[in-house]
Amino acid sequence: MPVHTRIRPFNTKDTYPEQKLDNDLCQAVVARGTTVFVRGQIAQDLDTRESLHIGDAAAQARKAMENIKMLLEEAGSDLSHVCRVVVYLIDIRYREAVYREMGKYLKGVFPVSTGLVVTALARPEWLVEIEATAVIPDQA
């Protein structure tokens, strides 16, 4: 029995057939447990604060997802309990590459997702920022 109720799951390859995407998302999530809010993550080494993968949106998305995975595990959760992601891009042309990378980490999870194109992020070398909300499920 699933821990969280995922309402109207879908895959982006059906919703956006013109784009080469394969993300499992849904329209709403009903979650039970303690909420974990993960600050927007970018391609930064969290220990050294060094910016990584300058100029490569896909690699920046991969590092952001690696950071989210690590932070959720430190909080006592994991990627399977992600309920919501928000993706901030500085250029719509990065969307496919970023969503392809993000989708690898969230395959079969079906979170709700919002994507925004913004003028800039906090540093000029950052092309993408991804924030996540997850839960630590109640123990059965």
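Taken together, the values in this text are just the output of simple stated rules run on the coordinates, not laboratory data. Because the structure is predicted, anything quoted here is derived from the model rather than measured. When we count neighbours, we look across all protein chains shown, and the Cβ atoms used for this are built from the backbone with ideal geometry, even at glycine.
So here's what we get for this one:
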item: Computed label-point distance, nm, for sites GLN27 and ARG123 using a 7 Å Cα→Cβ extension; result: 4.0
item: Extension reserve of the THR5-GLN139 stretch, reckoned as 0.36 nm per residue once the Cα distance is removed; result: 46.6 nm
item: THR34/LYS107 FRET efficiency (R0 22 Å; Cβ-Cβ; nearest 0.05); result: 0.35
item: Under 19 Å from LYS63, Cα to Cα: lysines that are on another chain or at least 8 residues apart; result: LYS104, LYS107
item: Value of D in µm² per second that Stokes-Einstein yields for the chain, Kirkwood Rh from Cα pairs, at 25 °C (0.890 mPa s); result: 161
item: Separation of alpha-carbon centers, segment 17-40 and segment 57-116, rounded to whole Å; result: 8
item: Percent antiparallel among DSSP beta bridges (both partners in the chain, rounded to 5); result: 75
item: Ordering of 65-75, 26-36 by burial proxy (mean other Cβ atoms within 10 Å per residue, highest first); result: 65-75, 26-36
item: Charge dipole magnitude, Cβ of K and R +1, D and E -1 - the chain, Cα centre, debye nearest 20; result: 380
